[in-house]
Amino acid sequence: MDNRIVFMGSPEFALPTLKALAEKYAIAGVVTQPDRPAGRGRNLKAPPVKVLALELGLSVIQPQRLKEPDAMEKLNHWNPDLIVVAAFGQILRPEVLDLPPYGSLNIHASLLPRWRGAAPIHAAILHGDKETGITIMKMDPGLDTGPILNSNSIPISPDDTTGSLSPRLAELGANLILETIPRYLAGDIDPVTQDEIIATYAPTIKKVEAELNFTHSATSLERRIRAFNPWPCAFTRWQNKHLKIYHAHTARGPLLEPGTKAIHEGLPAIGTREGLLVLDEVQPAGKRVMPAEVFLRGARNWVQD
(Lines give C-alpha, C1' and ligand atoms only; values in the text may rest on other atoms or scores of the structure.)
Protein backbone atom coordinates (compact mmCIF):
# COMPACT_ATOMS: atom_id res chain seq x y z
CA MET A 1 0.00 0.00 0.00
CA ASP A 2 1.08 3.60 -0.65
CA ASN A 3 0.55 5.00 2.85
CA ARG A 4 3.81 5.70 4.64
CA ILE A 5 3.98 4.68 8.30
CA VAL A 6 6.48 5.55 11.00
CA PHE A 7 6.55 2.88 13.72
CA MET A 8 7.50 3.62 17.32
CA GLY A 9 8.13 0.78 19.78
CA SER A 10 10.83 -0.86 21.86
CA PRO A 11 10.25 -4.21 23.66
CA GLU A 12 9.33 -7.69 22.42
CA PHE A 13 5.64 -6.80 22.73
CA ALA A 14 6.04 -4.51 19.70
CA LEU A 15 7.69 -7.06 17.39
CA PRO A 16 4.60 -8.78 15.92
CA THR A 17 3.14 -5.39 15.01
CA LEU A 18 6.30 -4.15 13.29
CA LYS A 19 6.62 -7.40 11.35
CA ALA A 20 2.96 -7.32 10.30
CA LEU A 21 3.06 -3.66 9.25
CA ALA A 22 6.27 -4.17 7.26
CA GLU A 23 4.53 -6.87 5.20
CA LYS A 24 1.58 -4.63 4.31
CA TYR A 25 2.79 -1.03 4.32
CA ALA A 26 5.75 1.17 3.43
CA ILE A 27 7.59 1.73 6.71
CA ALA A 28 9.24 5.14 6.32
CA GLY A 29 11.24 4.67 9.52
CA VAL A 30 11.36 3.22 13.02
CA VAL A 31 11.85 5.10 16.30
CA THR A 32 12.95 3.10 19.34
CA GLN A 33 14.67 3.62 22.67
CA PRO A 34 18.47 4.00 22.93
CA ASP A 35 20.65 0.95 23.62
CA ARG A 36 20.86 0.36 27.39
CA PRO A 37 23.36 -1.42 29.67
CA ALA A 38 22.11 -4.92 30.46
CA GLY A 39 23.24 -8.11 32.18
CA ARG A 40 26.04 -8.58 34.68
CA GLY A 41 28.60 -7.10 32.34
CA ARG A 42 26.41 -4.00 31.81
CA ASN A 43 27.19 -4.14 28.09
CA LEU A 44 24.97 -2.06 25.83
CA LYS A 45 22.01 -4.01 24.48
CA ALA A 46 19.80 -2.94 21.60
CA PRO A 47 16.02 -2.93 22.13
CA PRO A 48 14.28 -5.83 20.33
CA VAL A 49 12.55 -3.46 17.89
CA LYS A 50 15.91 -2.10 16.69
CA VAL A 51 17.19 -5.62 16.05
CA LEU A 52 14.13 -6.57 13.99
CA ALA A 53 14.03 -3.24 12.14
CA LEU A 54 17.64 -3.63 11.01
CA GLU A 55 16.94 -7.22 9.93
CA LEU A 56 14.07 -5.84 7.82
CA GLY A 57 16.36 -3.21 6.31
CA LEU A 58 14.46 -0.30 7.87
CA SER A 59 15.84 3.09 8.87
CA VAL A 60 16.09 3.45 12.68
CA ILE A 61 16.64 6.35 15.05
CA GLN A 62 17.08 6.12 18.85
CA PRO A 63 16.66 9.55 20.41
CA GLN A 64 16.85 10.01 24.17
CA ARG A 65 13.87 12.33 23.71
CA LEU A 66 11.76 12.92 20.62
CA LYS A 67 12.03 16.67 21.15
CA GLU A 68 15.69 16.53 20.09
CA PRO A 69 16.11 18.63 16.90
CA ASP A 70 17.73 15.77 14.97
CA ALA A 71 14.81 13.45 15.80
CA MET A 72 12.18 15.97 14.71
CA GLU A 73 14.14 16.68 11.53
CA LYS A 74 14.21 12.96 10.73
CA LEU A 75 10.48 12.56 11.38
CA ASN A 76 9.73 15.47 9.06
CA HIS A 77 12.04 13.99 6.44
CA TRP A 78 10.24 10.63 6.65
CA ASN A 79 6.97 12.51 6.02
CA PRO A 80 4.62 9.78 7.33
CA ASP A 81 0.91 9.57 6.62
CA LEU A 82 0.43 7.80 9.96
CA ILE A 83 2.40 7.01 13.11
CA VAL A 84 1.77 3.67 14.85
CA VAL A 85 2.95 3.26 18.46
CA ALA A 86 3.31 0.04 20.47
CA ALA A 87 5.02 0.18 23.90
CA PHE A 88 7.44 2.90 22.81
CA GLY A 89 8.28 4.16 26.29
CA GLN A 90 8.17 7.91 25.69
CA ILE A 91 5.35 10.46 25.83
CA LEU A 92 4.63 11.94 22.40
CA ARG A 93 4.22 15.71 22.28
CA PRO A 94 1.47 17.36 20.18
CA GLU A 95 3.90 18.35 17.40
CA VAL A 96 4.75 14.65 16.93
CA LEU A 97 1.17 13.38 17.28
CA ASP A 98 -0.09 15.89 14.72
CA LEU A 99 2.78 15.56 12.26
CA PRO A 100 1.11 12.94 10.01
CA PRO A 101 -2.14 13.89 8.25
CA TYR A 102 -3.88 10.87 9.82
CA GLY A 103 -2.40 11.42 13.29
CA SER A 104 -0.98 8.74 15.54
CA LEU A 105 -2.48 5.41 16.64
CA ASN A 106 -1.52 3.50 19.78
CA ILE A 107 -1.80 -0.24 20.44
CA HIS A 108 -2.55 -0.40 24.16
CA ALA A 109 -2.52 -3.68 26.11
CA SER A 110 -5.79 -3.25 28.01
CA LEU A 111 -9.48 -2.64 27.45
CA LEU A 112 -9.46 1.12 27.84
CA PRO A 113 -10.36 3.11 29.81
CA ARG A 114 -9.37 0.36 32.28
CA TRP A 115 -5.64 0.34 33.01
CA ARG A 116 -4.27 3.41 31.35
CA GLY A 117 -0.55 3.80 31.90
CA ALA A 118 2.73 1.93 31.69
CA ALA A 119 1.88 -1.48 33.20
CA PRO A 120 -1.60 -2.58 32.08
CA ILE A 121 -0.78 -6.30 31.83
CA HIS A 122 0.67 -6.41 35.34
CA ALA A 123 -2.34 -4.47 36.66
CA ALA A 124 -4.92 -6.79 35.11
CA ILE A 125 -3.35 -9.83 36.79
CA LEU A 126 -2.71 -8.02 40.09
CA HIS A 127 -6.38 -7.08 40.38
CA GLY A 128 -7.78 -10.47 39.41
CA ASP A 129 -9.36 -9.36 36.13
CA LYS A 130 -11.05 -12.19 34.23
CA GLU A 131 -10.27 -10.69 30.84
CA THR A 132 -8.04 -8.13 29.19
CA GLY A 133 -7.36 -7.19 25.60
CA ILE A 134 -6.05 -4.67 23.10
CA THR A 135 -7.37 -1.21 22.39
CA ILE A 136 -6.46 0.76 19.29
CA MET A 137 -6.85 4.45 20.02
CA LYS A 138 -6.07 7.71 18.28
CA MET A 139 -3.51 9.39 20.48
CA ASP A 140 -3.99 12.78 22.10
CA PRO A 141 -1.67 14.64 24.52
CA GLY A 142 -3.12 12.80 27.57
CA LEU A 143 -1.92 9.47 28.96
CA ASP A 144 -3.92 6.84 27.03
CA THR A 145 -6.94 9.15 26.96
CA GLY A 146 -7.55 9.31 23.20
CA PRO A 147 -10.70 8.14 21.39
CA ILE A 148 -11.08 4.39 20.84
CA LEU A 149 -11.06 3.08 17.26
CA ASN A 150 -11.20 -0.68 17.92
CA SER A 151 -10.74 -3.26 20.67
CA ASN A 152 -10.71 -7.01 21.21
CA SER A 153 -10.63 -9.09 24.40
CA ILE A 154 -9.08 -12.35 25.55
CA PRO A 155 -9.60 -14.26 28.81
CA ILE A 156 -7.00 -14.30 31.58
CA SER A 157 -6.51 -17.86 32.80
CA PRO A 158 -5.97 -18.60 36.52
CA ASP A 159 -2.32 -19.50 35.89
CA ASP A 160 -1.44 -16.68 33.48
CA THR A 161 1.66 -14.63 34.23
CA THR A 162 2.72 -11.37 32.65
CA GLY A 163 5.21 -13.48 30.72
CA SER A 164 2.52 -15.78 29.30
CA LEU A 165 -0.10 -13.08 28.68
CA SER A 166 2.18 -10.56 26.93
CA PRO A 167 2.90 -12.60 23.77
CA ARG A 168 -0.80 -13.38 23.28
CA LEU A 169 -1.67 -9.70 23.58
CA ALA A 170 1.19 -8.78 21.24
CA GLU A 171 -0.20 -11.06 18.52
CA LEU A 172 -3.72 -9.76 19.15
CA GLY A 173 -2.44 -6.21 18.79
CA ALA A 174 -0.72 -6.96 15.49
CA ASN A 175 -3.87 -8.52 14.05
CA LEU A 176 -6.10 -5.72 15.35
CA ILE A 177 -3.99 -2.88 13.96
CA LEU A 178 -3.98 -4.53 10.52
CA GLU A 179 -7.76 -4.81 10.73
CA THR A 180 -8.15 -1.22 11.91
CA ILE A 181 -5.85 0.84 9.68
CA PRO A 182 -7.67 0.36 6.33
CA ARG A 183 -11.05 1.17 7.89
CA TYR A 184 -9.59 4.16 9.73
CA LEU A 185 -7.89 5.58 6.64
CA ALA A 186 -11.13 5.12 4.68
CA GLY A 187 -13.09 7.06 7.31
CA ASP A 188 -15.22 4.02 8.19
CA ILE A 189 -14.64 4.19 11.97
CA ASP A 190 -16.47 6.46 14.38
CA PRO A 191 -14.06 7.09 17.28
CA VAL A 192 -15.57 6.48 20.74
CA THR A 193 -14.71 8.90 23.54
CA GLN A 194 -13.41 7.16 26.67
CA ASP A 195 -15.57 7.25 29.80
CA GLU A 196 -13.49 9.12 32.39
CA ILE A 197 -15.72 7.91 35.24
CA ILE A 198 -14.59 4.28 34.88
CA ALA A 199 -10.95 5.00 33.98
CA THR A 200 -8.25 3.29 36.07
CA TYR A 201 -4.48 3.78 36.09
CA ALA A 202 -1.64 1.23 35.95
CA PRO A 203 1.56 2.96 37.11
CA THR A 204 5.08 1.81 36.29
CA ILE A 205 6.12 -1.29 38.27
CA LYS A 206 9.10 -0.73 40.56
CA LYS A 207 11.51 -3.34 41.91
CA VAL A 208 10.73 -2.36 45.50
CA GLU A 209 7.16 -3.67 45.01
CA ALA A 210 8.43 -7.22 44.47
CA GLU A 211 8.94 -8.07 48.16
CA LEU A 212 5.89 -9.95 49.43
CA ASN A 213 3.99 -8.55 52.42
CA PHE A 214 2.31 -11.43 54.24
CA THR A 215 -0.17 -9.18 56.01
CA HIS A 216 -2.01 -9.34 52.67
CA SER A 217 -4.16 -12.33 51.71
CA ALA A 218 -2.75 -15.43 50.03
CA THR A 219 -4.98 -14.72 47.02
CA SER A 220 -3.56 -11.23 46.48
CA LEU A 221 0.01 -12.50 46.95
CA GLU A 222 -0.48 -15.31 44.44
CA ARG A 223 -1.68 -12.75 41.91
CA ARG A 224 1.34 -10.56 42.64
CA ILE A 225 3.66 -13.50 42.00
CA ARG A 226 2.04 -14.11 38.61
CA ALA A 227 1.97 -10.41 37.73
CA PHE A 228 5.68 -10.02 38.58
CA ASN A 229 6.77 -13.10 36.61
CA PRO A 230 9.20 -12.71 34.87
CA TRP A 231 10.00 -9.17 36.08
CA PRO A 232 10.66 -7.89 38.67
CA CYS A 233 10.00 -11.35 40.21
CA ALA A 234 8.33 -11.55 43.61
CA PHE A 235 10.53 -12.55 46.53
CA THR A 236 10.64 -13.08 50.24
CA ARG A 237 13.62 -13.36 52.57
CA TRP A 238 15.10 -16.62 53.78
CA GLN A 239 18.33 -16.85 55.76
CA ASN A 240 18.78 -13.10 55.18
CA LYS A 241 18.83 -13.56 51.38
CA HIS A 242 16.28 -13.16 48.63
CA LEU A 243 14.18 -16.20 47.77
CA LYS A 244 12.54 -15.50 44.41
CA ILE A 245 9.11 -17.04 43.88
CA TYR A 246 8.01 -17.78 40.32
CA HIS A 247 4.90 -19.86 40.95
CA ALA A 248 2.69 -20.49 43.99
CA HIS A 249 -0.85 -21.41 44.90
CA THR A 250 -3.20 -20.77 47.79
CA ALA A 251 -4.52 -23.29 50.28
CA ARG A 252 -6.57 -23.48 53.40
CA GLY A 253 -4.57 -24.59 56.35
CA PRO A 254 -3.81 -23.92 59.99
CA LEU A 255 -4.21 -20.29 61.04
CA LEU A 256 -0.67 -18.93 61.16
CA GLU A 257 0.76 -15.55 61.94
CA PRO A 258 1.54 -13.68 58.69
CA GLY A 259 5.05 -14.63 57.56
CA THR A 260 5.23 -17.86 59.59
CA LYS A 261 6.80 -20.66 57.58
CA ALA A 262 5.19 -24.09 57.37
CA ILE A 263 5.10 -27.24 55.25
CA HIS A 264 1.86 -28.01 53.40
CA GLU A 265 1.51 -31.34 51.58
CA GLY A 266 5.26 -31.60 51.10
CA LEU A 267 5.76 -28.03 49.90
CA PRO A 268 7.08 -24.91 51.62
CA ALA A 269 4.27 -22.59 52.68
CA ILE A 270 3.94 -19.22 54.40
CA GLY A 271 1.11 -17.90 56.55
CA THR A 272 -0.73 -14.80 55.37
CA ARG A 273 -3.54 -12.59 56.64
CA GLU A 274 -5.94 -15.05 55.03
CA GLY A 275 -4.92 -18.53 53.90
CA LEU A 276 -1.62 -20.23 53.15
CA LEU A 277 0.67 -19.28 50.30
CA VAL A 278 2.17 -22.55 49.04
CA LEU A 279 5.34 -22.21 46.96
CA ASP A 280 5.65 -24.22 43.73
CA GLU A 281 8.76 -22.86 41.99
CA VAL A 282 11.52 -20.81 43.59
CA GLN A 283 15.07 -19.57 43.13
CA PRO A 284 17.34 -19.28 46.16
CA ALA A 285 20.06 -16.62 45.99
CA GLY A 286 22.91 -17.71 43.74
CA LYS A 287 21.15 -20.87 42.53
CA ARG A 288 18.99 -21.95 39.61
CA VAL A 289 15.22 -21.93 39.46
CA MET A 290 13.90 -25.16 40.99
CA PRO A 291 10.70 -26.92 42.03
CA ALA A 292 9.82 -25.92 45.59
CA GLU A 293 9.88 -29.55 46.75
CA VAL A 294 13.51 -29.80 45.62
CA PHE A 295 14.29 -26.57 47.46
CA LEU A 296 12.62 -27.91 50.59
CA ARG A 297 14.81 -31.03 50.62
CA GLY A 298 17.86 -28.79 50.97
CA ALA A 299 16.19 -26.29 53.29
CA ARG A 300 16.06 -28.48 56.39
CA ASN A 301 15.50 -25.54 58.71
CA TRP A 302 12.65 -24.03 56.67
CA VAL A 303 10.11 -24.25 59.49
CA GLN A 304 12.51 -23.41 62.32
CA ASP A 305 13.77 -20.40 60.33
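The values are calculated or read from the model by the stated rules, or taken from the named source; none is laboratory data. If you're wondering where the values come from, they're calculated on a predicted model, not measured in any experiment. As a convention, Cβ positions derive from the backbone with ideal geometry for all residues, glycine included, and neighbour counts pool all protein chains shown. Surface areas here come from the heavy atoms of the whole protein model, side chains and all, with no ligands, DNA or RNA. Shrake-Rupley method; radii C 1.70, N 1.55, O 1.52, S 1.80 Å.
Descriptive notes on the structure:
- Comparison of L44, L54, L111, L75 shows that the only residue that is open to solvent by 30 Å² or more (accessible area, probe 1.4 Å) and part of a helix (DSSP H, G or I) is L54.
- In the stretch 217-236, residue nearest to H249 (Cα to Cα) [restricted to those that are open to solvent by 10 Å² or more (accessible area, probe 1.4 Å) and not polar (S, T, N, Q)]: E222
- With respect to the conditions (1) at pLDDT 95 or above; (2) within 28 Å of A123 (Cα to Cα); (3) in contact with a Lys or Arg (Cβ under 8 Å, 6 or more places away or on another chain), T193 falls short on a single one, namely (3).
- Matching option when the condition is out of contact with any Pro (no Cβ under 9 Å at 6 or more places or on another chain) and surrounded by 15 or more Cβ atoms within 10 Å (Cβ to Cβ), among T161, T180, T145: T180
- Among the residues of the stretch 179-188, not a single one is of a type outside the set (G, A, S), over 22 Å from A20 (Cβ atoms) and part of a loop (DSSP other than H, G, I, E, B).
- Residue check for K206: within 26 Å of F13 (Cα to Cα) and open to solvent by 70 Å² or more (accessible area, probe 1.4 Å): yes
- Summed over the stretch 2-39, the residues that are of a type outside the set (S, T, N, Q), part of a loop (DSSP other than H, G, I, E, B) and under 18 Å from P100 (Cα atoms) give a count of 2.
- Single residue of I154, I125 found to be crowded, with 18+ Cβ neighbours inside 10 Å and either touching a residue at least 24 places away in the same chain (Cβ under 8 Å) or not charged (D, E, K, R) (or both): I125
- Candidates are the residues of the stretch 1-15 that are open to solvent by 30 Å² or more (accessible area, probe 1.4 Å) and more than 14 Å from the chain's Cα centre (by Cα); the one that is nearest to I61 (Cα to Cα) is R4.
- For the stretch 25-35, filtering for residues that are farther than 15 Å from P80 by Cβ, in contact (Cβ under 8 Å) with a residue 40 or more places away in the chain and either open to solvent by 20 Å² or more (accessible area, probe 1.4 Å) or among the hydrophobic types (A, V, I, L, M, F, W, C) (or both) leaves 1.
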